[in-house]
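Heads up: the structure comes next, in structure tokens.
The values are calculated or read from the model by the stated rules, or taken from the named source; none is laboratory data. Given the structure is predicted, the values throughout are model-derived calculations rather than measurements. All Cβ positions, glycine included, derive from the backbone under ideal geometry; neighbour counts span all protein chains shown.
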Ligand code: ADP
């Protein structure tokens, strides 16, 4: 099976969010199952600077308006970069300090079509195009209209993965002709969304199969609450919509080999291992050396989505009684500022680290007792899975990927509301007192398989369903 992956970011090349982890790890895991995957990626400036050694394997050109825009195809292993300086040799993947790049429609409209052109140059046939989020959402539409009769790719199936429905890539409607598309696609059942051309909606309508990154989020996005205006489209395609949980990189996130830890541990010696890591974390952060305090922690982007505002009161109640809280998080200052005051009230029980710090993240995952992740919505979420692998029990809300992974090991509130979340923090705290039951939960949580191996098997099955449409 030949699969072409089109993504706007992928580790180790470039990353702004979870999509990069998926686009970096999933092709590898599929490769181990014998599925030939080639990843296409824009050759951004930051990629060029860090990976300058691609081999030129061809040229393509794509019409954008009256222009014909050319690009080199650069291959490095199983990755093909689209080298088009006009669109990609600049600061930032999607924008810079001044905001979003104003020509993101051209940049990603171009990218989607250049992946198709690139595949025609490099391969004799393609079975599946796998596209991700709005940035590559135009590809299914372009393939099924402009390339429908193409002998190399015309017959390929398309899978569209939604990592976050909130970002849709909606642009003025004159882009329909700018990208050479027929106006017949610009209908309410097609690519039109409130009189704009929607990249993501195009993907949702023209892909053979749609999936999201957890089964629960796949159901939630067919409701008005979570559907971001696209629930109608998703309901219409319900029979072709499913959810596959993301994996985590189980080598990077392995407490048995983790070089960031003062003491490494596994399922048989986590009691001693976690005690040492907790003491170290308390020492490093200037918190009271207190083994019996319950150490709550959070490693997160600080945004409305992640719901930290919902847990402040409940945490303060616990901290007033001697427990502790560590927050490693960057983001919205309005949401951080009450936490700064909280820290100032309890400087030896609350610690804030307002940066992105990979190494410290490992120490927090290992040293904490409970991981707080009260997301209002969560397409999949990695934090709770990493926490469990480190024997840190998650506390969250029963939504999206949290609903699919946290039970029965951690604690879930029914709703993203203060009272509901406070109740579940109280329940976790009571459970923490019953040492042997708490440790049994940890042992089970650490044994759950969150590897990409499991997800890759499900993606391969999804590709087969798409091919046999
Ligand atoms: P999202 O992709 O919505 O931000 P996820 O839970 O899917 O949330 O993934 C977040 C990832 O980013 C996790 O691996 C988490 O450890 C990491 N992360 C988030 N904030 C920080 C931070 N301030 N420092 C280090 N790592 C962080």
> Applying the selection to region 2-50, what residues are at pLDDT 95 or above and part of a loop (DSSP other than H, G, I, E, B)?
Replying inline: 7, 8, 9, 13, 33, 34, 35, 43, 44
> Which number in (1) surrounded by fewer than 24 Cβ atoms within 10 Å (Cβ to Cβ); (2) at pLDDT 95 or above; (3) out of contact with any helix residue (DSSP H, G or I) (no Cβ under 8 Å at 6 or more places or on another chain) marks the one condition that residue 383 misses?
Replying inline: (1)
> Among the candidates 186, 123, 110, 193, which residue alone is in contact with a strand residue (DSSP E or B) (Cβ under 9 Å, 6 or more places away or on another chain) and touching a residue at least 60 places away in the same chain (Cβ under 8 Å)?
Replying inline: 123
> Counting just the residues of region 47-75 that are buried (at least 16 other Cβ atoms within 10 Å of the Cβ) and within 24 Å of the chain's Cα centre (by Cα), which one comes out farthest from residue 24 (Cα to Cα)?
Replying inline: 48
> Is it the case that some residue within region 201-208 is within 21 Å of residue 168 (Cα to Cα) and within 16 Å of the ligand (Cβ to nearest atom)?
Replying inline: no
>> Here's a check for you: in region 311-359, which residue that is within 16 Å of the ligand (Cβ to nearest atom) and assigned to a helix (DSSP H, G or I) is surrounded by the most Cβ atoms within 10 Å (Cβ to Cβ)?
In response: 339
>> Just to be sure I understand, how many residues within region 371-406 are more than 9 Å from the ligand (Cβ to nearest atom) and within 24 Å of residue 333 (Cα to Cα)?
In response: 8
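Specify which of the listed residues (426, 401) is assigned to a helix (DSSP H, G or I), out of contact with any strand residue (DSSP E or B) (no Cβ under 8 Å at 6 or more places or on another chain) and crowded, with 24+ Cβ neighbours inside 10 Å. Walk me through how you get there before you give the answer.
Working: 426 fails: crowded, with 24+ Cβ neighbours inside 10 Å.
After applying the criteria, what remains is 401.
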> Taking interchain pairs and intrachain pairs at least six residues apart, which have beta carbon atoms under 7 angstrom, with the first residue in region 196-214 and on the phi > 0 side of the Ramachandran plot and at pLDDT 95 or above and the second part of a strand (DSSP E or B) and buried (at least 24 other Cβ atoms within 10 Å of the Cβ)?
Replying inline: none
